[in-house]
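Notes follow once the structure below has been shown.
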Amino acid sequence: MEVRVLQLEKEHTVYIARICSWFYHWWGEQEGFSMDKMEAYVLHSLCEDRIPQTYILLADEELVGVYQLSVMDLDVRPDIYPWLINVYIDKPYRGKGYLNLLMQSAKENCRRLGIKEIFLYTTHEGLYEKYGLRFKEEFDTFIEGNEIQRLYSWNIKN
């Protein structure tokens, strides 16, 4: 099986539609995104030499997962940037080690882009610590249904 992570480009239309669907059902609908707005969100995260960027994980050309590097993720925390966001593994592929590949790729791409520290927020506890992220605090996102989340930082060493 060939497994690889690559930077998403506009030509990857079949993957873009699937990612939009994942994001929409995961958080977009709850936050008032339409599918058109979700597509614009993803398409505008495809910068070549700077963030925002989107990366996909393929297993035998099947889309398995995604993550993004972004300047902004939360309106209530404009003091924190850049962000590792939308780290997602499709449900049938969870528990198979694919997250490790995404996190290795994220670290490599942060280094390539000169990012020395990146932030992530999540409800998961004990997951991202395995990859070297440090828990900073719990905070209120003001997102209905997911108000209190955990903030992490990740020092990217050269």
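No value in this document is a laboratory result; all are computed from the given coordinates. Because the structure is predicted, anything quoted here is derived from the model rather than measured. Positions of Cβ are backbone-derived with ideal geometry, glycine not excepted, and every protein chain shown enters the neighbour counts.
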(request) Please identify the pairs in which a residue from the range 77-95 that is closer than 15 Å to residue 133 by Cα and without any contact (Cβ under 8 Å) to a residue 40 or more places away in the chain has its Cβ atom under 6 Å from the Cβ atom of a residue that is of a type in the set (D, E, K, R) and surrounded by 13 or more Cβ atoms within 10 Å (Cβ to Cβ), counting only partners at least 6 apart or on another chain. (result) 83/73; 85/73
(request) Determine if the range 99-108 includes at least one residue that is outside any loop (DSSP other than H, G, I, E, B), acidic (Asp, Glu), closer than 30 Å to residue 138 by Cβ and free of Cβ contacts under 8 Å to residues at least 12 places away in the same chain. (result) yes
(request) Say whether the condition of being over 17 Å from the mean Cα position of the chain (by Cα) and assigned to a strand (DSSP E or B) is met by at least one residue in the range 141-148. (result) yes
(message) Can you say whether residue 150 is within 18 Å of residue 49 (Cα to Cα), of a type in the set (D, E, K, R) and either surrounded by fewer than 20 Cβ atoms within 10 Å (Cβ to Cβ) or in contact with a Phe, Trp or Tyr (Cβ under 9 Å, 6 or more places away or on another chain) (or both), as far as the supplied structure shows?
(response) no
(message) Restricting to the range 54-99, give me the number of residues that are more than 17 Å from residue 44 (Cβ to Cβ) and surrounded by 15 or more Cβ atoms within 10 Å (Cβ to Cβ).
(response) 17
